[in-house]
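For reference, the structure discussed in these notes is given below.
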Amino acid sequence: MSYCTFLAADCFLPEVKPEKDYPLEINVDEGTIYDGGANDNYSFWIFDEVGDYTDKSSGVVLDWNYYTVKRGGQIIEYIKKALESCDSVELWRVWLMDYYEYNERPYYRRSEISIDELTEEDIKKISDMDVWSSYKNRPTYYCLKITR
């Protein structure tokens, strides 16, 4: 089980991969990660389990080592492109799990924003959410709905 940040929509969301491979340096002693900081060093992978979390038909998982402002900006551009084909895109932060592991369903925190108001900081905020911080026995799932 692990944290997952993903986008969901009712239009096709294509995969995105970096143009080249970048080095990854993990310093356990200092608690740091460095991946070159390149703007395109992130991926979107098809998320087949999107229907477990939302009624949207298409989903992609965000795969990155960490947030940068320019990566956040590129994600906003990706969302803008998707909004040319659908009315809304959802940005989710969840804990991947089987609901049957818990006696109760997770809590949901939802908010909505227009694409014109969406900032890189909004992308960072959702992707940094700790789904276990509010309640010890039940996760909280976060969904930011982005509209045209």
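Being open to solvent by less than 20 Å² (accessible area, probe 1.4 Å) and more than 16 Å from the chain's Cα centre (by Cα) holds for only one residue in L118, L83, and it is L83.
Can you pull out the residues in segment 95-112 that are touching a strand residue (DSSP E or B) at 6+ places or on another chain (Cβ under 7 Å) and either modelled with pLDDT of 95 or more or open to solvent by 60 Å² or more (accessible area, probe 1.4 Å) (or both)?
Here is the first cut: in segment 95-112, the residues touching a strand residue (DSSP E or B) at 6+ places or on another chain (Cβ under 7 Å) are 95-96, 106-112.
Answer for segment 95-112, where residues must be touching a strand residue (DSSP E or B) at 6+ places or on another chain (Cβ under 7 Å) and either modelled with pLDDT of 95 or more or open to solvent by 60 Å² or more (accessible area, probe 1.4 Å) (or both): Y107, Y108, R109, R110, S111, E112.
Among the residues making up segment 63-86, those that are closer than 23 Å to D48 by Cβ and modelled with pLDDT of 95 or more are I75, Y78, I79, K81, A82, L83, S85, C86. Looking across segment 46-68, the residues that are outside any loop (DSSP other than H, G, I, E, B) and over 11 Å from the mean Cα position of the chain (by Cα) come down to I46, D48, E49, V50, G51, D52, S58.
Only one entry in T68, T5, T32 is of a type in the set (S, T, N, Q), touching a Leu at 6+ places or on another chain (Cβ under 8 Å) and under 23 Å from D130 (Cβ atoms), namely T5.
Scan segment 56-80 for residues that are within 16 Å of I146 (Cβ to Cβ) and among the charged types (D, E, K, R) and jot them down. Please lay out each step first, then the result.
Let us first name the residues in segment 56-80 that are within 16 Å of I146 (Cβ to Cβ), namely 56, 58-60, 62, 72-80.
Across segment 56-80, the qualifying residues are K56, E77, K80.
With at pLDDT 85 or above, open to solvent by less than 50 Å² (accessible area, probe 1.4 Å) and hydrophobic (A, V, I, L, M, F, W, C) as the only criterion, which of I26, I123, I46 stands out?
Values: I26 fails: open to solvent by less than 50 Å² (accessible area, probe 1.4 Å); I46 fails: open to solvent by less than 50 Å² (accessible area, probe 1.4 Å).
Only one candidate passes the filter, namely I123.
Answer yes if at least one residue in segment 113-127 is in contact with a strand residue (DSSP E or B) (Cβ under 7 Å, 6 or more places away or on another chain) and in a strand (DSSP E or B), and no otherwise. Checked against the condition, which is being in contact with a strand residue (DSSP E or B) (Cβ under 7 Å, 6 or more places away or on another chain) and in a strand (DSSP E or B), segment 113-127 yields at least one hit.
Filter segment 32-43 down to the residues that are touching a strand residue (DSSP E or B) at 6+ places or on another chain (Cβ under 8 Å) and either open to solvent by less than 40 Å² (accessible area, probe 1.4 Å) or assigned to a loop (DSSP other than H, G, I, E, B) (or both) and list them by number. Steps first, please.
So in segment 32-43, the residues touching a strand residue (DSSP E or B) at 6+ places or on another chain (Cβ under 8 Å) come out as 32-35, 42-43.
Passing the criteria: D35, Y42, S43.
The residues in segment 1-21 that are open to solvent by less than 60 Å² (accessible area, probe 1.4 Å) and either of a type in the set (A, V, I, L, M) or in a loop (DSSP other than H, G, I, E, B) (or both) can be counted, and the count is 9. Cβ-Cβ contacts under 6 Å between residues 6 or more apart (or on different chains), taken from a first residue in segment 1-24 that is more than 21 Å from V94 (Cβ to Cβ) to a second residue that is of a type in the set (D, E), are listed as P18/D40; E19/D40; Y22/D35; L24/D35.
The values are calculated or read from the model by the stated rules, or taken from the named source; none is laboratory data. Note that this is a predicted model, so its numbers are computed, not measured. A quick note on method: Cβ atoms are made from the backbone with ideal geometry, for glycine too, and the neighbour counts reach across all protein chains shown. Each accessible area value is taken on the protein alone, full model and side chains, heavy atoms only, with ligands, DNA and RNA left out. Shrake-Rupley method; radii C 1.70, N 1.55, O 1.52, S 1.80 Å.
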